[in-house]
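What follows is calculated from the coordinates using simple rules that are stated; it is not laboratory data. None of the values given here were measured: they were computed from a predicted structure. Positions of Cβ are generated from backbone atoms using ideal geometry, with glycine treated the same way; all protein chains shown enter the neighbour counts.
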Amino acid sequence: MTIAVHTLGCRVNQYDTQAMLELFQARGYVSVPFSSDADVYLINTCTVTGTGDRKSLQLARRVRREHPSSALILCGCLSQRLGQELLSLGPRLILGTGRRSEVVDLLEQSLRENTQICAVSDLSQAPFENLAIHRQEDHTRADLKIQEGCNNHCTYCIIPSVRGPIRSRTLEDIADEAARLTRSGYRELVITGIHLTSYGMDQPDRPSLLDALRTIQAAGPLRIRLGSLEPVIATPSFAEGISRLPAVCPQFHLALQSGSDAVLHAMRRRYNVRQYRASVAALRAVFPDCAMTTDILTGFPGETEANFEETRQFVHEIGFARIHVFPFSPREGTPAALMPDQVPNREKERRASLLIEDGLRTAAAYRASMEGKVRDVLLETFDGVWHGYTPEYIPVAVKGDYQAGQVVSVRLGPGKDAMTGTPVSPLS
């Protein structure tokens, strides 16, 4: 039997897909590209925006149309939200964001009984589902999932209802997977979770994210890259703590969403602009050249032109190395979907375009500030020149005779899509 998988959405979904794929492979299934003919197709869906919904549904319909005799599995956030409504698309199995460790057994039951199974489960009392991975397609970087769920309930966000409350992986299990991935040759571990900032709050001994990072550091990876964080975690003591962990990369993704206090309050975010500014200052105090990256949601209900301009000004004040911009997308079941003063789509798109341009300017300024500095580049791919990333996640092109996974010390120079790296000396 052959299986093809496709992931929509975040790095947590990518991790979950890989874990399920490995369960199939352990039972003798052979993985093939999603563009190939396969006996089984697994689509891990996304519902964080309307675009995620649309892409998930379009892909499911295309698979059923082009491969009518194959078994289709729909799982992930959209499946958790819609459940049995997706049976009309003809999948053999619908899973949400739970019971993924049972995916092979449930599929084979549906095939044996020639029926459809919707196994979407309630998440309110669910434990952390201890999935595991041993490899990823990327030969140098692997995701390490340590946390699931979110308790924040921001007014625009559907995620708490489709991922459930916070659940944390034990430090022992984190240590085991970090060591296994490091032994397998992965030089960088990307720490993922739905709400990393809340790691450990559900456990009796309440370990912190810093405790988890110390545990991962002890496993010996060359690099540890943090996923998205809430600004409130970046206190001076947290910054000082991670500065003592040499593997932690100085690239910090602090979710902003808006640079207007009025909009942040309406979003029910748990910080204001002053606090965000202080968090950035705390990190830069110990990582002077660190890359600050963020997400911004524009066109939120009630966001005025003045609020929008506050956000633009704040983007330039912070000098983000990269921003991801999303026009507000109303999610059924969230308070923001029913708020008055919804911003017209055309205006949301205009604001998003301006913010993207702002982000390109600040990214260019950040790269310019790094010109002439020496950084270690972890080489990943080759197309006539080698491509890789600095610890700050700056893309760099390097000429030379190297191998994937090698680290080269380079002096950074200007470049179009990536900075150029002039080798100083190979490190490893």
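General observations
- Extreme residue, positive dipole direction of the chain, given options Ser369, Asn345, Cys157 (C-beta unit charges): Ser369
- Ranked Ile233, Ile356, Ile296, criterion: other C-beta atoms within 10 Å, fewest first: Ile356, Ile233, Ile296
- Linear extension gain, Met201 paired with Gln313, 0.36 nm per residue minus alpha-carbon span: 36.8 nm
- Neighbour net charge for Gly241 - beta-carbon separation under 11 angstrom, K R +1, D E -1: 0
- Divide the volume of the convex hull around the Cα atoms of the chain by the residue count and you get 150 Å³ per residue.
- Of the residues Glu332, Glu303, the one with the fewest other Cβ atoms within 10 Å heads the list, and the complete ranking is Glu332, Glu303.
- Mean Cα-pair separation over length for the stretch 141-369, i.e. relative contact order, pairs under 8 Å, 6 or more apart, %: 17 percent
- Sites Leu87 and Asn130 - FRET efficiency at Förster radius 30 Å, r taken between beta-carbons, to 0.05: 0.55
- Packing-based exposure ordering (other Cβ within 10 Å, fewest first) of Thr17, Thr298, Thr2: Thr2, Thr17, Thr298
- Comparing mean-square fluctuations of Asp205, Asp16, Asp358 from a GNM of the chain with C-alpha springs under 10 Å, the top value falls on Asp205.
- Extension reserve of the Leu360-Glu66 stretch, reckoned as 0.36 nm per residue once the Cα distance is removed: 101.9 nm
- Among beta bridges that DSSP assigns inside the chain, antiparallel share in %, nearest 5: 35 percent
- Considering only alpha-carbon pairs that sit under 8 angstrom and 6 or more positions apart, the relative contact order computed for the stretch 2-118 is 23 percent.
- Calculated diffusion of the stretch 2-118, Stokes-Einstein form, Kirkwood radius summed over Cα pairs, 37 °C and 0.692 mPa s, µm²/s: 238 µm²/s
- Lysine pair count for the chain [Cα-Cα under 29 Å; pairs on different chains or 8 or more apart]: 6
- Relative contact order of the chain, defined on C-alpha pairs under 8 angstrom at six or more residues apart (%): 10 percent
- Free-standing Cys, the chain [no other Cys Cβ under 4.7 Å]: Cys10, Cys46, Cys75, Cys77, Cys118, Cys150, Cys249, Cys290
- Extension reserve of the Val286-Arg268 stretch, reckoned as 0.36 nm per residue once the Cα distance is removed: 3.5 nm
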